[in-house]
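The values are calculated or read from the model by the stated rules, or taken from the named source; none is laboratory data. Everything numeric in this text was worked out from a predicted model, so none of it was measured. Backbone-built Cβ (ideal geometry, glycine too); neighbour counts: all protein chains shown.
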Amino acid sequence: MFDPIPEKPKSVSDLPGEMRPSGVAQNGELSGLSLPSRKNHSVDPAGYALETLESSLRSRGVQTRAFLAAPELALLELAPALGGLPKQGDRLAILRELLEHVDTSDSYRSYLCTKLPHLLTFVSTKERLALLRYALSFSERRVKAPLAFAIARSARTSGELKSLISERRAVELARLKHVELRELVAKAVFSRQFGKQAFPRGLGRSATARVVQDPKGSATRVRERLREMQSSLKDHLAVLEAYPELAKCRTTREFKRSLTEALDTLSLHVQRGELPPRHRLSRFQGGQLVNLLAKKVRLELEYGIHLTRASGAASSEARSWSLSDMRSVRAGLSLIPAGHLIMTPLLHRFERFSSKDSFGTRRDSGAIAIADDMRSDRSYSREFGGVQGLVVTLVHEIGHALQVGKSHRDIKFSRETGRIFNPADPLFDFGAFLSLSDWRVVTEQPQQWIYNGEAIRIGANEYPLNHPTTYRDRYVVLTTYDDTVTVRRVGEQKKEKNIKLVLAHSAGAGFGIRTYGREDPFEDWAEGFSEYILTPERFSRLAPEKFLYYHVHFRCYEESSNVIQDLYRRLS
């Protein structure tokens, strides 16, 4: 399936053009990139958009530079130059130039809608509002609906989302019948309404001391706070009922599930004497319940993500979310740009499950499941410089949720070249990421495992797995991909069932420190995302091109920071 190359490269820089797995331009200058035709916006939307942005910036005296060879990524590298223009009129004029052909070409419109959220990171909310009005001025719904969604998704905080989707504009946007846009409308509407009636806070760390020092007074305070919470939960539920047109949104259902679950817990304990003595809460337990619900509900209302236990057989054994768990969840969420969490409509639930087979998983429904054992796991913590294992697992699984999006983790590929298609949310260019390691499919249905599963026989030849080897004149590392399930049991080696594919990546590709990221392209992406968020200095040294890929998408670090400046010096 591979196109042969003459000989094994001595170094990454020896590979010509697109064959270089690093994807880095030889001279670091945009003018030196060997890009496809930039003439036709329908045939080559990436090249056309890149040429438009580059020429518009240079005509205004802005010198540009790009390190990544893929035009899709080079476009994002140039995005900060938009924010550097002193005049708002110039920024809007460039964005209007980019949007010029969105109503005449489906391919160009589809491409540009995936890039707009990144480009608009560097313009003000006022300018985004102007672009949103421009998008809504189109007569055809197939044009203005995806454009409006892309602009709304560019919001970095719930406050920006509320500014873009005002009360009046929410009605117009909801009528566009764009499923994902309706989710963002629901988040904006409910975030605005919930902000008008803040949920009560907990009793604080001194609650236990007050129980001992003032038993009667503390019992009264606990009961009063429980009643306040009950009243507030009912008010929040009333807000949801006031918008029947949004009742079918996933966001509405998850908010309702969170609030109803908390209200059911409280209703058993608000009135003193309501329960038999053995079921009554002590003052100390009542204080714990107040603090637990305050932390949980406030977290859920802020991010629109419901914390629960997994449904099914595992739910009866799984632990509930504790205060320390929720602190870890908030710590993990705070590291990721809020816009990528709040503006991802599919990500809506964190589940706890009891399992020895895996530490975490991303479900096709958009939910993320975290195993109970991650609460006390030390191995992940050691590999990530002391970061708690639960936080590491959560960030890793959020990486899967962001990257895969609405898609399933099914690999689609060309049987002629082995190139893997883009089974992911187009907001994050997975195809460009695959080229950094040159991931490809080698063959389907491997014929025979040999040497206790450490190697594989394909045709008449034998190849080691997970070690550099030469396959069809390419110097690669072969690995296997299980399209169904990977089973891990304590005391046993890893067992893979129903393996369908043999994959290969360039032996010279850069990866993070954990070998888990070399198993398949999906784990490569999620592991790289984890290291970019949690250990940026280390990751920028081990895999600078991949670090730059994440940086142009997420922008977690200032351009003037040491880690980014060191990265640019290394790539130069």
Inset, instruction - Run GLN26 past the list (1) at pLDDT below 85; (2) part of a helix (DSSP H, G or I); (3) of a type outside the set (Lys, Arg) and report the number of the one that doesn't hold. - result: (2)
Legend entry - Pick from the range 331-377, criterion of a type in the set (D, E, K, R), modelled with pLDDT of 80 or more and farther than 30 Å from PRO117 by Cα, ranking: surrounded by the most Cβ atoms within 10 Å (Cβ to Cβ): ARG352
Inset, instruction - With respect to SER320, determine if the residue is of a type in the set (S, T, N, Q), at pLDDT below 75, in a loop (DSSP other than H, G, I, E, B) and in contact with a strand residue (DSSP E or B) (Cβ under 9 Å, 6 or more places away or on another chain). - result: no
Legend entry - ASP373 of a type outside the set (S, T, N, Q), assigned to a helix (DSSP H, G or I) and within 18 Å of ARG309 (Cα to Cα): yes
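From the list LEU119, LEU136, LEU99, exactly one residue is without any contact (Cβ under 8 Å) to a residue 40 or more places away in the chain and either touching a strand residue (DSSP E or B) at 6+ places or on another chain (Cβ under 8 Å) or not basic (Lys, Arg) (or both). Which is it?
After ruling out the rest, the residue left standing is LEU136.
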Legend entry - Listing of strands (runs of 3 or more DSSP E) fully contained in the range 461-550 that carry 1 or more residues being closer than 19 Å to GLY360 by Cβ and at pLDDT below 90: 474-487, 495-506
Legend entry - Evaluation of ARG298 against (1) modelled with pLDDT of 85 or more; (2) crowded, with 19+ Cβ neighbours inside 10 Å (one fails), failing number: (2)
Inset, instruction - Look at the range 518-563 and say how many of its residues are closer than 20 Å to LEU76 by Cβ, more than 13 Å from the chain's Cα centre (by Cα) and hydroxyl-bearing (Ser, Thr, Tyr). - result: 5
Legend entry - Close pairs from the range 49-63: first assigned by TED's automatic domain parsing to the domain that holds LEU78, partner modelled with pLDDT of 90 or more and among the hydroxyl-bearing types (Ser, Thr, Tyr), Cβ under 9 Å, at least 6 apart: ALA49/TYR108; ALA49/TYR111; VAL62/SER56
Legend entry - Residues located in the range 189-230, provided they are over 37 Å from the mean Cα position of the chain (by Cα) and at pLDDT 65 or above: GLY217, SER218, ALA219, THR220, ARG221, VAL222, ARG223, GLU224, ARG227
Inset, instruction - Take PHE353 and decide whether it is of a type outside the set (S, T, N, Q) and touching a residue at least 12 places away in the same chain (Cβ under 8 Å). - result: yes
Inset, instruction - Answer yes or no as to whether ILE450 is of a type outside the set (Lys, Arg) and outside the structural domain of ILE368 (by TED's automatic domain parsing). - result: yes
Legend entry - Hits in the range 82-113 - residues which are of a type in the set (Ser, Thr, Tyr) and touching a Pro at 6+ places or on another chain (Cβ under 9 Å): SER105, SER107, TYR108, SER110, TYR111
Inset, instruction - Evaluate the range 406-417: report whether one residue or more is of a type outside the set (A, V, I, L, M) and either closer than 15 Å to ARG514 by Cβ or assigned to a helix (DSSP H, G or I) (or both). - result: no
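For every residue, the table says whether it meets (1) among the acidic types (Asp, Glu); (2) crowded, with 23+ Cβ neighbours inside 10 Å; (3) closer than 18 Å to PHE67 by Cα.
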site: ALA504; (1), (2), (3): no, yes, no
site: GLU523; (1), (2), (3): yes, no, no
site: GLY528; (1), (2), (3): no, yes, no
site: ILE533; (1), (2), (3): no, yes, no
site: PHE539; (1), (2), (3): no, yes, yes
site: TYR557; (1), (2), (3): no, no, yes
site: GLN565; (1), (2), (3): no, no, yes
site: ARG569; (1), (2), (3): no, no, yes
Legend entry - Residue that is modelled with the highest pLDDT [pool: residues in the range 242-291 that are within 30 Å of ILE342 (Cβ to Cβ) and among the basic types (Lys, Arg)]: LYS256
Inset, instruction - Return the total of residues in the range 459-475 being farther than 17 Å from LEU501 by Cβ and among the aliphatic types (A, V, I, L, M). - result: 1
Inset, instruction - Given the conditions (1) touching a residue at least 24 places away in the same chain (Cβ under 8 Å); (2) in the same structural domain as ARG330 (by TED's automatic domain parsing), report the number of the one that ARG363 does not fulfil. - result: (1)
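Among the listed residues GLU54, GLU7, GLU18, which satisfies the condition of being over 22 Å from GLN565 (Cα atoms), modelled with pLDDT under 50, of a type outside the set (A, V, I, L, M, F, W, C) and outside any loop (DSSP other than H, G, I, E, B)?
Answer to the check: GLU18.
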